[in-house]
């Protein structure tokens, strides 16, 4: 049994080596055809070696397309760091490629996909915004314009979530001045969403602890006007009743 397994492994290795040697001797045009066949079937892992071989050549008439397809393969496989690198290489080496706008756009998408959850550092989110802004500046009439704008909105909201989490962290360790700094930044935007509501509510709680009745009444009024049916509004009404007695 062991001998059979050994022979199978040896045969597989020999077959693989011979196949690789065969593919390395193929003309670039044939490699491109095979890579495209795999790509069209969604077999991106199998297409990558063929596109990589062509890209390695650098000076062929197929290199630019192979570079773009290589980046697309990694993108479809959700390997966003690799995809971003290959799109950046496409821009660096072939700035006049026919659909170079897609590379700029997808670099932004890659950064967005690589970004961490709001409690953590948001360097990738900020880079995503920068990338989408660059895309919009260079290609203002591109069909992906609206998607880029929507991604920027998502990124900005994620940065707001990060600010709120920072404020909440300071609130929990009783550093109310630092907490208010973050909450007030969110409130100042005048949005009507969950982050605005929570920032108003925690600000109200801080003013109650500090016995700052004037600011508590102002913040309480905003909550009651903007979010009258919220759970936070019910709690604020109780706080306002306490200070009115």
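Worth pointing out:
- Residues satisfying the stated conditions in the stretch 28-57, i.e. without any contact (Cβ under 8 Å) to a residue 24 or more places away in the chain and assigned to a loop (DSSP other than H, G, I, E, B): 41, 43
- The stretch 89-118, residues that are under 27 Å from residue 160 (Cα atoms) and outside any helix (DSSP H, G or I): 115, 116, 117, 118
- Qualifying residue in the stretch 104-114 (condition: touching a helix residue (DSSP H, G or I) at 6+ places or on another chain (Cβ under 6 Å), surrounded by fewer than 19 Cβ atoms within 10 Å (Cβ to Cβ) and modelled with pLDDT of 95 or more): yes
- Test: residue in the stretch 84-95 that is surrounded by fewer than 21 Cβ atoms within 10 Å (Cβ to Cβ), touching a residue at least 40 places away in the same chain (Cβ under 8 Å) and farther than 23 Å from residue 44 by Cα: no
- Residue count for the stretch 115-162 satisfying the condition of being in contact with a helix residue (DSSP H, G or I) (Cβ under 8 Å, 6 or more places away or on another chain) and over 30 Å from residue 181 (Cβ atoms): 10.
- Unique match (being surrounded by fewer than 20 Cβ atoms within 10 Å (Cβ to Cβ) and part of a helix (DSSP H, G or I)) among 180, 195: 195
- Unique match (being within 20 Å of the chain's Cα centre (by Cα) and either surrounded by 21 or more Cβ atoms within 10 Å (Cβ to Cβ) or in a helix (DSSP H, G or I) (or both)) among 121, 125: 125
- Condition met for residue 134 (assigned to a helix (DSSP H, G or I), closer than 24 Å to residue 110 by Cβ and free of Cβ contacts under 8 Å to residues at least 40 places away in the same chain): yes
- Close pairs (8 angstrom Cβ cut-off, 6 or more residues apart or separate chains): over 11 Å from residue 51 (Cα atoms) in the stretch 66-82, modelled with pLDDT of 95 or more and part of a loop (DSSP other than H, G, I, E, B) anywhere: 76/42
- Residue count, the stretch 215-230 (criterion: part of a helix (DSSP H, G or I) and more than 10 Å from residue 243 (Cβ to Cβ)): 9
- Residue match in the stretch 159-171 (condition: surrounded by fewer than 18 Cβ atoms within 10 Å (Cβ to Cβ), at pLDDT 95 or above and outside any helix (DSSP H, G or I)): no
The values are calculated or read from the model by the stated rules, or taken from the named source; none is laboratory data. Predicted model, so just to flag it, every value in this text is computed and none were measured. Every residue, glycine as well, gets a Cβ built from its backbone with ideal geometry; the counts of neighbours run over all protein chains shown.
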